[in-house]
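Student: Mind looking over this structure? Questions follow.
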Amino acid sequence: MGTVALVLIVVFIFLLIMNVPIAVAIALASFFAILAEGSDPTLVVAAKMANGVNSFALLAIPFFIFSGHLMGRGGLARRLIDFAGTLVGRLPGGLGYVNTLTCMLFGSISGSAAAAVSSVGGFMIPEMNRKGYGREFNVAVTTTAATTGLLIPPSNIMIVYSVAAGSVSIAAMFMAGLLPGIIMGLFIMLVAGVISIFAGYRGEVIEMPRWKPISATLLIAGIILSILASKSGWVPHEVPMFGKSIGFGFLVFSAVSAVCCICFKTFRRAYFTLLLILVVIGGILKGVFTATEAAAIAVVYAFLLSVVVYRQIKLKELPELLLQTGITTAVVMLLIGASSGMSWIMTMANIPQTVSAALLGLSDNPVVILLMINLLLLFVGTFMDMTPAVLIFTPIFLPVVASLGMHEVHFGIMMIANLCIGLCTPPVGACLFIGCGVGKTTIAKVTPMMLPFFGAMIAALMVITYVPASSLWMPVQTRQLKKVDVEKSTFMRPDKVSTEGVIHDDEAE
C-alpha cells in the first residue's frame, strides 16, 4: 500500500474515532493525503469540492427534501394509514401490516426514512400501544419498514449514487428500486405476521364499504381483458410502461379497480397523496421532465396539497420548513463535495484497483465476492450514515462488480438495500434513534425484538443481490435500460466473467 493511501486511511479512521463529523473527517483525510502526494491540498480540495456539487442532477435533492417536509407536516400520513388499514387491517396483527404498508407508501412519497419514522410512527406507535401490541414490537416494525421508502422511488440516495457512479440514469435507478422495495416490505410483513400470530395480536374490525357497481364492472372487465390480451400476445408499442404484453397493463388496471372496490372511501381520501407518485414517476418515464424538474413539480404539488387543499400547514410555518430543508441540504452537499475530493485521491492512489485485485484474488466466484462485499457494507453501515457510505464505497466496489459482469444499476440497488439495514442498527442508526424517541423506549430494550426483522431484511438483501431480475426487470420494461445491455451482463455466469468496465446506459441523465 502506497504512502498516500496509508495516510488517507489512517487519518480518516483516526478522525472517526475522535468523533469528528463525517464530512470534516473526509475533507481533512483528503487534505493530508493530497499533501503527502505532493500537490497543493488547498487548491485541489477546494476545486474538487466545487466540482463535486456542480451537478444539475443534485438540484433534485433540496426539492425532494422540501416536498418531504411538506408531506410530513401536511397530515398526509393519517390518510395513508386509513387507506392501508382498509387493505390489510383485518389480518392477524393487522396494525403491524398497516404500519409497514403505510411506511412504504409514505417513504416513497417523502423519499426519507427518518420522515416516515417520525410521521407514521408518531401516530401508529401510540395507537398500537393502546391496542395491546408490544411497545418494542411496534418500534421495531416502524423502524425497519421506514427504510423501504429509500428503495421505492423517488429516493434522494438514488440520486447520490447516480452522481457517485457517474453516467447512471436516475430514471433507471428509480424504476429499479420499485420491486426490491416491495420485496423488502413483504419480508418485513412476513416476520411481523409470524410474531403477531404467536403473540396473539388480532386483526382490526373495519367496516367494509359497499361495492360500487361501476368498480366491480371495471374489475371483472380488467381480469377478462388481461387474460385475453396475454393469450393473444399483443405488444402495444405505444404503452411502454406495461412491458411486453398489454395483459400486464390490464392486470394493473384491474388491481386498481379492486382497490377502489375494497376501500373506496379511504382510497378517495388518499387519492391525491398517492397521485404524487404517478405524477413524478410517470412524468420521468414519459420524458415530460427530468428527475430534477420532477422534484420541483413535487414541491409545487405538495405545497398545493398541504397548504391549499388540506390546510394542515399555515403560511407562517413555511420559513421553518425552508430552514430545515436548507440545513439538511447543506449537510448532504458538504458530504458530496468532500467525498469528491476523497474519490479523486483514491483514484490517484489506485485504491479501487487494489481492492478489486485483492477481492478477485480471494475468489473468482461472484456469489462469494458479493457475499464479502455485502458483509463489508453491513459492517460499514453500523457506524457510518448512508450518504457518505455510498459516496466513499461506490468508486471502490464498482470496479469489482464490473469485472463480474454485474450491471451498475443492479449494484446500486444492492448497495442501497444493504445500507438501509445500517439505519436500524446501533450505534448510529438514525431511524432506530428516532423510533425509540417516538416510542419512548430504549435501544437496549428494542434490539432483541429487532433481530428477526434484521433477518428478514438480510434475506431480502440476498434475493436482491443474487436475482438480477428483481432490480433490472422494471427498468427494461419501462425502457429506461436497453434489454441488449442488460443481456450483456455476465453476472452469475462465472465461465463468462470478464475484466471489462461497467456497462453504461446510453440514456443516462
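Student: Hey, among F453, F433, which residue is closer than 30 Å to Y133 by Cβ, modelled with pLDDT under 90 and of a type in the set (F, W, Y)? Steps first, please.
Tutor: Values: F453 fails: modelled with pLDDT under 90.
Just a single option satisfies the conditions, and that option is F433.
Okay, residues lined up against (1) touching a residue at least 24 places away in the same chain (Cβ under 8 Å); (2) closer than 30 Å to L274 by Cα; (3) surrounded by fewer than 22 Cβ atoms within 10 Å (Cβ to Cβ):
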residue	(1), (2), (3)
S306	yes, yes, no
Y310	yes, yes, yes
K316	no, yes, yes
L322	yes, yes, yes
T329	yes, yes, yes
A358	no, no, yes
G361	no, no, yes
V367	yes, no, yes
L391	yes, no, no
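Student: Scan region 85-102 and tell me whether some residue there is surrounded by fewer than 24 Cβ atoms within 10 Å (Cβ to Cβ), closer than 23 Å to L315 by Cα and out of contact with any Asp or Glu (no Cβ under 8 Å at 6 or more places or on another chain).
Tutor: no
Student: Just for region 456-494: of the residues that are β-branched (V, I, T) and at pLDDT below 85, which one is surrounded by the fewest Cβ atoms within 10 Å (Cβ to Cβ)? Even if it seems obvious, please write down each step before you answer.
Tutor: To start, the set of residues in region 456-494 that are β-branched (V, I, T) comprises 458, 463-465, 467, 476, 478, 484, 486, 490.
The next check asks that each one be at pLDDT below 85; those that pass are 476, 478, 484, 486, 490.
Numbers: V476: 21, T478: 22, V484: 9, V486: 21, T490: 17.
Filtering first and then ranking leaves V484.
Student: Quick check: anything in region 59-82 surrounded by fewer than 22 Cβ atoms within 10 Å (Cβ to Cβ), aliphatic (A, V, I, L, M) and in a helix (DSSP H, G or I)?
Tutor: yes
Student: Same structure again: With the structure loaded, tell me whether V160 is of a type in the set (V, I, T) and at pLDDT 85 or above or whether it fails that test.
Tutor: Yes, satisfied.
Student: Tell me, yes or no, whether region 332-355 has at least one residue that is part of a helix (DSSP H, G or I), under 23 Å from the mean Cα position of the chain (by Cα) and surrounded by fewer than 16 Cβ atoms within 10 Å (Cβ to Cβ).
Tutor: no
Student: Restricting attention to region 142-149, does a residue exist that is over 27 Å from I65 (Cβ atoms), over 8 Å from the mean Cα position of the chain (by Cα) and crowded, with 24+ Cβ neighbours inside 10 Å? Walk me through it before giving the result.
Tutor: Narrowing region 142-149 to residues over 27 Å from I65 (Cβ atoms): none.
No, that holds for no residue.
Student: Also, I was wondering about something else. Checking L376 against (1) assigned to a helix (DSSP H, G or I); (2) modelled with pLDDT under 85, which single condition isn't satisfied?
Tutor: Answer for L376: the failing condition is (2).
Student: List, please: which pairs have Cβ atoms under 8 Å, are six or more places apart or on different chains, and start with a residue in region 415-433 that is part of a helix (DSSP H, G or I) and end with one that is aromatic (F, W, Y)?
Tutor: Correct list of pairs: M415/Y161; M415/F393; M415/F397; I416/Y161; I421/F454.
Student: Moving on. Looking only at residues that are among the β-branched types (V, I, T) and modelled with pLDDT under 90 in region 163-212, which one is nearest to S343 (Cα to Cα)? Quick ask: steps written out before the conclusion?
Tutor: Step one: list which residues in region 163-212 are among the β-branched types (V, I, T), which gives 163, 168, 170, 182-183, 188, 191, 194-195, 197, 205-206.
Subset that is modelled with pLDDT under 90: 163, 168, 170, 197, 205-206.
Numbers: V163: 12, V168: 17, I170: 20, I197: 49, V205: 55, I206: 54 Å.
Across region 163-212, the extreme among qualifying residues is V163.
Student: Out of the residues in region 379-414 meeting the condition of being within 21 Å of Q353 (Cα to Cα) and outside any helix (DSSP H, G or I), tell me which one is nearest to the chain's Cα centre (by Cα).
Tutor: H407
The values are calculated or read from the model by the stated rules, or taken from the named source; none is laboratory data. On a predicted model such as this, the values are computed, not experimentally measured, just so you know. Every residue, glycine as well, gets a Cβ built from its backbone with ideal geometry; the counts of neighbours run over all protein chains shown.
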